[in-house]
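Worksheet: the structure to be examined is printed underneath.
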Amino acid sequence: MSIYTKTGDSGTTSLIGGQRIKKYHPRVDAYGTVDELNACLAVATHLVGDAQNRLLLRAIQRQLFWLGAELADDRPDLRAEGVQRLGAEQITQLEQAIDRCMAALPPVTGFVLPGDSPAGSQLHLARTVARRAERLLARLADETPLRGEVLGYINRLSDCLYALARFEDRRAETDAVVGEVMRRYRASEAPGADGDGTAIPERRAPRGNDADGSHGLVSGVPQAADELNFILAHRLLRAAMDAAGNLAVAVVMAIVDRHGNPVMTYRMHDALLAALDLAPKKAWSAVALKTATHHLGAQVQPGAALYQLEASSGGRIVTFGGGYPLYRAGLLIGGLGISGGTVDQDRHIAQWAISQCNVGKES
């Protein structure tokens, strides 16, 4: 079937109701700009880094199809059943996205230069097209009745795209900083290099290869067998992040040394706020009691050996899954705590990280 009809060669187009009007008619200008906006958002969906933002943009694209169809039909009595129309629910969805993004951003103290990242730039471009669509809809509303929800939606949409653009710019900035830190870290891991990449004499510990692959060295400094060094801690975090990514769940990962002192805590984007408190407690509990935290649940029940342990520890002990002690060469070296998913997900992530780094009790 051919996509060309030749009926528009005279400079007119047909509305859904069958009426033919000029292609520069305000109604055609309005829904044509909505279509242009949809195309801009199609590019943005492939650039944004935040999964929640990507899903939102896909939903907005579908909603713009509804809007375009409504604008392309000038029949005042259109009430067809099953026809999707914009309403308060979609406007609320945009407002919630605006609030979510702005809450994660620093206050604005001046004009924002559009686009510090590819995603932010494209979203700012879409924002300006949304503003143009809003101006055309306001002009069309002077000539023909439009539902208030249509004007409210397009007004809120441009605000939403502004918030998304700033959010993506901020995310890109953070990723760039993390990337630079990791680049320097990897450079410092290179054989014969210190933290600045400067060659230094290699000094080996008297032991054989350590389970974490560091050969008893961190920048040339010998490490005790029961010490949890930075390289091993970082490998644990990377393995845990891979497992969390495969489960599509955002978690907080915490590592403590064999004395329960904090070594490293990392919160994945969108992880639950409560997880930031629970993950270190799980790691500490696993070290304090030298057992995985899911083993403690039965022990703290009324009549069991550790009844009222949680209360007596001031809430520091956690007795559900996600905390594991870490061992190397049979010696306790620290604890790992994962929080943010279900208990089963937290346990799976922790177990995967431990298996990848060979720091389980039997390793």
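Some notes on this structure:
- Scanning the range 103-130 for residues that are buried (at least 19 other Cβ atoms within 10 Å of the Cβ) and under 22 Å from Phe65 (Cβ atoms) gives Gln122, Leu123, Leu125, Ala126, Arg127, Val129, Ala130.
- When restricted to residues that are at pLDDT 90 or above and either under 27 Å from the mean Cα position of the chain (by Cα) or of a type in the set (Gly, Ala, Ser) (or both), the range 34-51 contains 12.
- Restricting the range 314-346 to residues that are over 28 Å from the mean Cα position of the chain (by Cα) and assigned to a strand (DSSP E or B), the residue that is surrounded by the fewest Cβ atoms within 10 Å (Cβ to Cβ) is Leu331.
- Failed item, numbered, when Gln90 is tested on (1) under 16 Å from Leu56 (Cβ atoms); (2) surrounded by fewer than 18 Cβ atoms within 10 Å (Cβ to Cβ); (3) in contact (Cβ under 8 Å) with a residue 40 or more places away in the chain: (2)
- Within the set Asp212, Asp226, the sole residue that is crowded, with 17+ Cβ neighbours inside 10 Å, modelled with pLDDT under 85, part of a loop (DSSP other than H, G, I, E, B) and charged (D, E, K, R) turns out to be Asp212.
- Under the condition of being more than 15 Å from the chain's Cα centre (by Cα) and surrounded by fewer than 16 Cβ atoms within 10 Å (Cβ to Cβ), the residues counted in the range 52-65 number 4.
- The residue of the range 260-278 that is surrounded by the most Cβ atoms within 10 Å (Cβ to Cβ), among those that are touching a Leu at 6+ places or on another chain (Cβ under 9 Å) and touching a residue at least 40 places away in the same chain (Cβ under 8 Å), is Leu278.
- Within the range 234-285, being part of a strand (DSSP E or B) and not basic (Lys, Arg) holds for Val252, Met253, Ala254, Ile255, Val256, Asp257, Pro262, Val263, Met264, Thr265, Tyr266.
- Note on the range 347-363: residues that are part of a loop (DSSP other than H, G, I, E, B) and either crowded, with 22+ Cβ neighbours inside 10 Å or in contact with a Ser or Thr (Cβ under 9 Å, 6 or more places away or on another chain) (or both) amount to 2.
- Any hit, the range 165-187, residues being modelled with pLDDT of 85 or more, touching a Lys or Arg at 6+ places or on another chain (Cβ under 8 Å) and buried (at least 18 other Cβ atoms within 10 Å of the Cβ): yes
- Considering residues of the range 38-49 that are touching a helix residue (DSSP H, G or I) at 6+ places or on another chain (Cβ under 6 Å) and of a type outside the set (S, T, N, Q) only, the residue nearest to Gln84 (Cα to Cα): Leu41
- Enumeration of residues in the range 143-155 that are modelled with pLDDT under 90 and in a helix (DSSP H, G or I): Glu143
- Applying the condition of being buried (at least 21 other Cβ atoms within 10 Å of the Cβ) and farther than 15 Å from Tyr327 by Cβ to the range 246-259 and asking which residue is farthest from the chain's Cα centre (by Cα) yields Ala254.
The values are calculated or read from the model by the stated rules, or taken from the named source; none is laboratory data. These figures come from a predicted structure and were not determined experimentally. Here Cβ is always computed from backbone atoms with ideal geometry, including for glycine, and neighbour counts include all displayed protein chains.
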